[in-house]
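A quick write-up on the structure given underneath.
Here, each number is a calculation from the coordinates, and none is a lab measurement. Predicted model, so just to flag it, every value in this text is computed and none were measured. Don't worry about glycine lacking a Cβ; one is built from the backbone with ideal geometry, like all the others, and counts go over all protein chains shown.
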Amino acid sequence: MEVTRKNILSLQIDNDSDVGVCRRKAVNLAAQMGFDEVKTGEVAIMVTELVTNVIRHGGGKGKLVICQFGDAQNHHAIEVWCCDSGKGFNNFRKVLKDGYPGKESLGIGMGTIRRFSDEMEVNPQLAPDFRETYFSGDIPFKNCIRTLKYLPVRHWMGTNRKLEIGAASRSKPGELVNGDSYVVTHLGPDLTMAAVIDGLGHGSEANLASQLAREQIIMKLDLPVSVLMQHVHKSLKGTRGSTIGLVRLDTELRKLAYSGIGNIEGFLHTAEGKKNLMSYGGIMGHNMRTPRVFEFDFNPGDIICMYSDGITTHWKSDDVDWREHPQKCAEHIINQFSRANDDATVLIIRYAL
């Protein structure tokens, strides 16, 4: 894939004072690119952790390369390369956990770096010219981390007025955070993307996986459904993983495209009857078959319902009065049919008559 890099900054890491220098340079570039205050702050934290880990755990010397990155699809990101001369690490999954005590790696804080990155790679292959220009010299760089944080695309800011939407989601009783999430976002007045996401298990690690998947869906709305599923799968590597049911609704062409991985259930309720939405087995971020996209007609009056496995299978579509608003239907389902030992989410979308 053809990529472009500009505004490239190459910064040496030798001592503690370089933490502040690198952070300020990264913040300036992020602000120049158009990142808002919150996202710029996340860039600052990410770079601070990277440089600090070089000094404390990566041999004390390294290099940070920051630049504005663009790909063939006109997506833009701040790209950060951080390389050191330390011993590296043997178990990347363990290093990603906060508080990991290992000394033979770039150090702690990797979980924070992962959360604030949209993409993260360990020791990726460097193009020969890029390596020669920025990473040659007396210091033998043994370990490199590459991160990308995408500049949010300005999408359609309105809604699809032909749709009525309802959603209900709750965490497992006793948990502080929800391992499930959902998203409904509009690409235009007739195009809508929606998903139900279930982070594996429950608690903070499940929440991290589901929120990361949600962010990636929002960020990459313009990708075809099958490509978007592959992108989310790659983005979740190193996390606990999740299951996802993803749907793209086109109310102009009156079409629906669905793809699912894992135990997200769903169906399309039409005047002709109920049509089940098929999800393939697997866990996004771990093991996933090639996603398949199923297409259906989607006409006024049709209803799509998707839900996580926190909703019991012991309910029927006849248990719901679909004439009610989707929000009331979603609340009824989660109140009457959710399990007591899991997070639960229901998303219902009706093509209004």
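Figures for the structure shown
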read-out: Surrounding net charge for N178, when Lys and Arg each add one and Asp and Glu each subtract one, Cβ distance under 13 Å; value: -3
read-out: Highest average packing first - 121-133, 40-52, 213-225, Cβ atoms within 10 Å; value: 40-52, 213-225, 121-133
read-out: Backbone HN-Hα couplings from phi across the range 217-227 [Karplus 6.51/-1.76/1.60, Hz, Gly and Pro as x]; value: 4, 4, 6, 10, 4, 7, 6, x, 4, 5, 5
read-out: Ellipticity estimate at 222 nm from DSSP helix runs (n ≥ 4, -39,500 (n - 2.57)) divided over the chain, nearest 500; value: -8000 deg cm²/dmol
read-out: Residue-by-residue Karplus 3J(HN,Hα) for the range 45-59, coefficients 6.51, -1.76, 1.60, Hz, glycine and proline x; value: 5, 4, 5, 4, 5, 4, 5, 4, 5, 4, 5, 8, 10, x, x
read-out: Neighbour-count ranking [beta-carbon atoms within 10 angstrom, fewest first] of W81, W322; value: W322, W81
read-out: Distance (nanometres) between label positions extended 7 Å along Cα→Cβ at V122 and T4; value: 3.4
read-out: Highest to lowest packing among 58-66, 12-20, scored as the average C-beta count within 10 Å; value: 58-66, 12-20
read-out: Sorted peptide list for 200-210, 325-335, criterion being average Cβ within 10 angstrom, highest first; value: 200-210, 325-335
read-out: The range 303-353 versus the range 1-64: alpha-carbon centroid distance in Å; value: 45
read-out: Note, ³J(HN,Hα) from phi for the range 262-274, Karplus 6.51, -1.76, 1.60, rounded to Hz, x at Gly and Pro; value: x, 8, 7, 9, x, 7, 10, 9, 10, 5, 7, x, 9
read-out: Shape category assigned to the range 163-351 from the gyration tensor of Cα positions, a/c cut at 1.5; value: oblate
read-out: Length-normalised contact order for the chain - Cα pairs under 8 Å, 6+ apart - percent; value: 14
read-out: Which label in [x] 1.11; [y] 0.98; [z] 1.03 gives the computed Rg/Rh (Cα atoms, Kirkwood Rh); value: [z]
read-out: Distance from the range 178-199 to the range 285-302 (C-alpha centre basis), Å; value: 13
read-out: L163 long-range amide H proximity, modeled H, under 5 Å; value: A352
read-out: Local electrostatic count, V3, Cβ distance below 14 Å [Lys/Arg +1, Asp/Glu -1]; value: -3
read-out: Residues F141, F116 arranged by fewest to most Cβ contacts within 10 Å; value: F116, F141
read-out: Proxy reagent accessibility, fewest Cβ within 10 Å first, across R240, R289; value: R289, R240
read-out: Residue pairs, from the table K6/K142; K39/K220; K63/K220; K6/K237, whose Cα atoms sit over 23 Å apart; value: K6/K142; K63/K220; K6/K237
